[in-house]
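What follows is a set of notes on a single structure, which appears directly below.
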Amino acid sequence: MPHTASRYLAEGPRVGIRHFTHADGAEFAGRARESKDLHHPWLFPPDSTQAYAAYAGRLIDDPTKAGFLVCEKDGGAIGGYININNIVEGAFLSGAVGYGAFVHAAGRGLMREGLDLVVGYAFGRMRLHRLEINVQPTNTASIALARACGFRLEGFSPDFLHIDGAWRDHERWAITAERSAGSAGSGVVPR
């Protein structure tokens, strides 16, 4: 379903970001099914409308999570998604970022633009100070995206997350509001 620019939380030249809605279930699940080969073995987004409803419900109802759909401004198609999980307020003001592109949008720079917008939104409107991305070392496309958006490698976490039946090592990439102000990202505005 196409969405007008007024529905976007932030927008760049080619994409806008908006929150998940329950009405996005059929499109999201269909794109997840089309993208299984792209996502395996790193991601397993919901690929049925029932699984999407539960997933979106957690993002919508849990104040420690924020979910964003990256939508192409030309037609409104969902190109990918970016979530901020484990949001902690107080002295920490931090969140953990996860993301995935759908196959029709992969390699087109749409997720770069979308992640820049989410970072700007997180450091601006959400008033967060730090974002962290945890990536399996063999997921070179995800690491390239984190690097391109100004995240810096901070360390290595062995056996960090249980994915696809095993505990997987991850690299830790992070950015703070101060470092974001100096990044080459498009539209990233610190608070």
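The values are calculated or read from the model by the stated rules, or taken from the named source; none is laboratory data. All figures in this text were calculated on a predicted structure; none of them were measured in a lab. Neighbour counts are summed over all protein chains in view; Cβ atoms, including those assigned to glycine, are modelled from backbone coordinates with ideal geometry.
Things to note:
- Yes/no for D47 being acidic (D, E), under 24 Å from R168 (Cβ atoms) and not in a loop (DSSP other than H, G, I, E, B): no
- You will find that of R152, R147, R125, the residue that is farther than 16 Å from H19 by Cα and either modelled with pLDDT under 95 or more than 15 Å from the chain's Cα centre (by Cα) (or both) is R152 and no other.
- Residues of region 17-64 that turn out to be under 17 Å from the mean Cα position of the chain (by Cα), surrounded by 14 or more Cβ atoms within 10 Å (Cβ to Cβ) and among the β-branched types (V, I, T), as a count: 3
- Qualifying residue in region 9-27 (condition: modelled with pLDDT of 95 or more, out of contact with any helix residue (DSSP H, G or I) (no Cβ under 8 Å at 6 or more places or on another chain) and of a type in the set (V, I, T)): no
- Exclusive hit being closer than 30 Å to V88 by Cβ and touching a Leu at 6+ places or on another chain (Cβ under 7 Å), set A51, A32, A10, A56: A10
- Looking only at region 65-108, and only at residues there that are among the β-branched types (V, I, T) and over 24 Å from T140 (Cα atoms), the one that is nearest to the chain's Cα centre (by Cα): I87
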